[in-house]
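Asks: Would you mind keeping the following structure in view while I ask a few things?
The values are calculated or read from the model by the stated rules, or taken from the named source; none is laboratory data. Here the structure is a predicted model, which means the values were calculated and not measured. As a convention, Cβ positions derive from the backbone with ideal geometry for all residues, glycine included, and neighbour counts pool all protein chains shown. Areas reflect the complete protein model, heavy atoms only, side chains present, ligands, DNA and RNA absent. Shrake-Rupley method; radii C 1.70, N 1.55, O 1.52, S 1.80 Å.
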Amino acid sequence: MKKMTLIIGAGGVGNVVAFKCAMNSNTFGDITLASRTVSKCDTIAKNVLEKTGVTLATASVDADSITELVELITQVKADIVINVALPYQDLTIMDACIQCGVDYLDTANYEHPDTAKFEYKEQWARDAEFQKANIMGLLGSGFDPGVTNVFCAYAQKHYFDEIHTIDILDCNAGDHGYPFATNFNPEINLREVSAKGRYWENGKWIETEPMAIKQVWDYPEVGAKESYLLYHEEMESLVKHIKGLKRIRFFMTFGQSYLTHMKCLENVGMLGIKEVEHKGMKIVPMEFLATLLPDPASLGERTKGKTNIGIFAKGIKDGIEKTIYIYQVSDHEKCYQEVMSQGVSYTTGVPAMIGAKLMLEGKWQGKGVFNMEEFDPDPFMEELMVQGLPWKVMELGADESREVTMR
Ligand code: NDP
């Protein structure tokens, strides 16, 4: 029977998911794109129709309201809800899916608007309700989290008996020409980057000051880049699911202009997420800043350069120490040519579509709430190859590293 797909969120990532679902319409069937601002959905639907010949239905929904969501999911008769709105909406959308008995997928863990926690606790807590409703929830099906989790599962399945250390390496060498802009939602991006760093070693989380640890990694097809240790949400589930793990860290590259602007904004209080009084009105500094910054969805046309995201893993196979590096390189301009979005939205939206495709096709099945590394990585890795995110594996000697010293 023809499937019904509901996509919620019409930002940079929603645009890519809409395009890619339309390009795989045999699986996704009738597609509805809904967001708070329906005109954004209409613009995307017009572009998708022009480029692919597929017609999307559009709708307006406030995804903070479970009532509105239930009404829409019921009306659309959705088989799956792909949530690419903001992390603030994860729980309401999950609860609406439970009420309607419909499968759920997202790309980022739930966040409360007033406190940045970056944890899966509240979503994992819905596991029993998902099981009871006989539905599946797939959490974090973007690139990181998402593909990075699948890379770890693939390394575990095919290359190691035990993985001892993992470094997740996220490099965006794209240039949009603005002195300061964020490649995805500014609030979420700046919260993540300005938070304290954290990594996991020997069973414990170790906290660092923001950006306190810097290493230079040599990224294939991009070159050597200064990379900073951040906390990133996929580490929370990976420490539960990867056998024998002793340490996991996450590094992301930042240019000097980005860091200088961010420090300055932080110093003057513009990254605050608590309300302040301004001329008798209450405003949240970070929300106001997001209003001033370029819309990430508008960066596509002007961004040049490449992204390279991957995992660098060390461990043992048949008693011998080994090291592998699995990575994916995307070109911002090629992404734009294909779906009118820059590489960061593209590398998030394609895996969201692939996760949903595997669910609809019954290749990834389960009742309850799951993280990506809990499933067989092979079908996902095969889809990446054909859906626009081809990857490579580099096998290195036990002591080889991609870490370099930059003068
Ligand atoms: P944008 O800010 O570009 O878009 C967010 C969209 O969500 C907008 O269309 C907005 O609608 C909509 N939205 C916000 N609030 C509501 C609401 N209450 N009801 C309905 N719709 C709402 O964000 P991105 O596209 O850049 O990011 C989307 C998601 O992808 C985020 O959760 C982000 O954290 C995640 N992400 C994940 C990555 C990964 O690798 N895992 C990487 C990058 C992003 P409107 O404009 O109409 O208000």
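Asks: Restricting to the stretch 9-34, what's the tally of residues that are part of a helix (DSSP H, G or I) and either of a type in the set (Asp, Glu) or more than 16 Å from the ligand (Cβ to nearest atom) (or both)?
Replies: Step one: list which residues in the stretch 9-34 are part of a helix (DSSP H, G or I), which gives 12-23, 25-28.
Retained after the next criterion (residues that are either of a type in the set (Asp, Glu) or more than 16 Å from the ligand (Cβ to nearest atom) (or both)): 22-23, 25-28.
Matching residues across the stretch 9-34 total 6.
Asks: Could you list, in sequence order, all residues of the stretch 325-344 that are among the hydroxyl-bearing types (Ser, Thr, Tyr) and either within 13 Å of Lys20 (Cα to Cα) or surrounded by fewer than 21 Cβ atoms within 10 Å (Cβ to Cβ) (or both)?
Replies: In the first step, residues of the stretch 325-344 are kept if they are among the hydroxyl-bearing types (Ser, Thr, Tyr); the result is 325, 327, 330, 336, 341.
Tyr336, Ser341, listed by residue number.
Asks: Test of understanding: among Gln89, Gln131, Gln123, which residue is within 24 Å of Asp376 (Cα to Cα), out of contact with any helix residue (DSSP H, G or I) (no Cβ under 8 Å at 6 or more places or on another chain) and modelled with pLDDT of 95 or more? Even if it seems obvious, please write down each step before you answer.
Replies: Numbers: Gln89 fails: within 24 Å of Asp376 (Cα to Cα); Gln123 fails: out of contact with any helix residue (DSSP H, G or I) (no Cβ under 8 Å at 6 or more places or on another chain).
None of the other options fit; the residue is Gln131.
Asks: Let me ask another. Kindly list, by first and then second residue, each pair from a residue in the stretch 170-188 that is closer than 26 Å to Arg249 by Cα to a residue that is open to solvent by 20 Å² or more (accessible area, probe 1.4 Å) and away from the ligand (no atom under 13 Å from the Cβ), limited to pairs with Cβ atoms under 6 Å and residues at least 6 apart or on different chains.
Replies: Hits for this filter: Cys171/Val222; Cys171/Lys225; Ala173/Val222; Ala173/Gly305; Ala173/Lys306; Gly174/Gly305; Asp175/Lys304; Asp175/Gly305.
Asks: Quick check on the stretch 352-359. Is at least one of its residues surrounded by fewer than 19 Cβ atoms within 10 Å (Cβ to Cβ), more than 16 Å from the ligand (Cβ to nearest atom) and either over 17 Å from Asn149 (Cα atoms) or β-branched (Val, Ile, Thr) (or both)? Break it down stepwise before answering.
Replies: Filtering the stretch 352-359 for residues surrounded by fewer than 19 Cβ atoms within 10 Å (Cβ to Cβ) gives none.
Among the residues of the stretch 352-359, not one is surrounded by fewer than 19 Cβ atoms within 10 Å (Cβ to Cβ), more than 16 Å from the ligand (Cβ to nearest atom) and either over 17 Å from Asn149 (Cα atoms) or β-branched (Val, Ile, Thr) (or both), which makes the answer no.
Asks: Considering only the stretch 71-92, state which residues are buried (at least 17 other Cβ atoms within 10 Å of the Cβ) and more than 9 Å from the ligand (Cβ to nearest atom).
Replies: Leu72, Ile73, Val76, Ala78, Asp79, Ile80, Val81, Ile82, Leu91
Asks: Let me ask something additional. Out of the stretch 380-390, which residues are crowded, with 16+ Cβ neighbours inside 10 Å and out of contact with any helix residue (DSSP H, G or I) (no Cβ under 6 Å at 6 or more places or on another chain)?
Replies: To start, the set of residues in the stretch 380-390 that are crowded, with 16+ Cβ neighbours inside 10 Å comprises 380-381, 383-384, 387-389.
Hit for the stretch 380-390 is Leu384, nothing else.
Asks: Follow-up question, since we're still on this one. Test Lys214 against the stated conditions and say whether it is free of Cβ contacts under 8 Å to residues at least 24 places away in the same chain and either more than 15 Å from the ligand (Cβ to nearest atom) or under 22 Å from Glu266 (Cα atoms) (or both). Let's see the steps before the verdict.
Replies: Numbers: free of Cβ contacts under 8 Å to residues at least 24 places away in the same chain: yes; either more than 15 Å from the ligand (Cβ to nearest atom) or under 22 Å from Glu266 (Cα atoms) (or both): yes.
Yes.
Asks: Answer with yes or no whether Phe312 is assigned to a strand (DSSP E or B) and within 16 Å of the ligand (Cβ to nearest atom). Lay out the reasoning, then the answer.
Replies: Values: assigned to a strand (DSSP E or B): yes; within 16 Å of the ligand (Cβ to nearest atom): no.
No.
Asks: Okay, moving on. Mind checking which residues of the stretch 52-70 are open to solvent by 40 Å² or more (accessible area, probe 1.4 Å), hydrophobic (A, V, I, L, M, F, W, C) and within 24 Å of Pro113 (Cβ to Cβ)? Don't jump to the end; show me each part of the working.
Replies: Here is the first cut: in the stretch 52-70, the residues open to solvent by 40 Å² or more (accessible area, probe 1.4 Å) are 52-53, 55, 57-58, 60, 62, 64, 66-68.
Checking which are hydrophobic (A, V, I, L, M, F, W, C) leaves us with 57, 66.
Of everything in the stretch 52-70, just one residue is open to solvent by 40 Å² or more (accessible area, probe 1.4 Å), hydrophobic (A, V, I, L, M, F, W, C) and within 24 Å of Pro113 (Cβ to Cβ), namely Ile66.
Asks: Kindly indicate which of Glu266, Glu233, Glu226, Glu321 is touching a residue at least 60 places away in the same chain (Cβ under 8 Å) and in contact with a Pro (Cβ under 7 Å, 6 or more places away or on another chain).
Replies: Numbers: Glu266 fails: in contact with a Pro (Cβ under 7 Å, 6 or more places away or on another chain); Glu226 fails: in contact with a Pro (Cβ under 7 Å, 6 or more places away or on another chain); Glu321 fails: in contact with a Pro (Cβ under 7 Å, 6 or more places away or on another chain).
Exactly one residue qualifies, and that residue is Glu233.
Asks: Would you point out the residue of the stretch 93-108, among those that are of a type in the set (Gly, Ala, Ser) and open to solvent by less than 30 Å² (accessible area, probe 1.4 Å), that is nearest to the ligand (Cβ to nearest atom)? Step through it out loud before you land on a result.
Replies: Start the filter on the stretch 93-108 by keeping residues that are of a type in the set (Gly, Ala, Ser), which leaves 96, 101, 108.
Next, only the ones that are open to solvent by less than 30 Å² (accessible area, probe 1.4 Å) stay: 96, 108.
Values: Ala96: 12, Ala108: 4 Å.
Here the answer is Ala108.
Asks: When the stretch 159-187 is examined, which residues are found to be within 16 Å of the ligand (Cβ to nearest atom), outside any loop (DSSP other than H, G, I, E, B) and more than 30 Å from Thr323 (Cα to Cα)?
Replies: Pro186, Glu187
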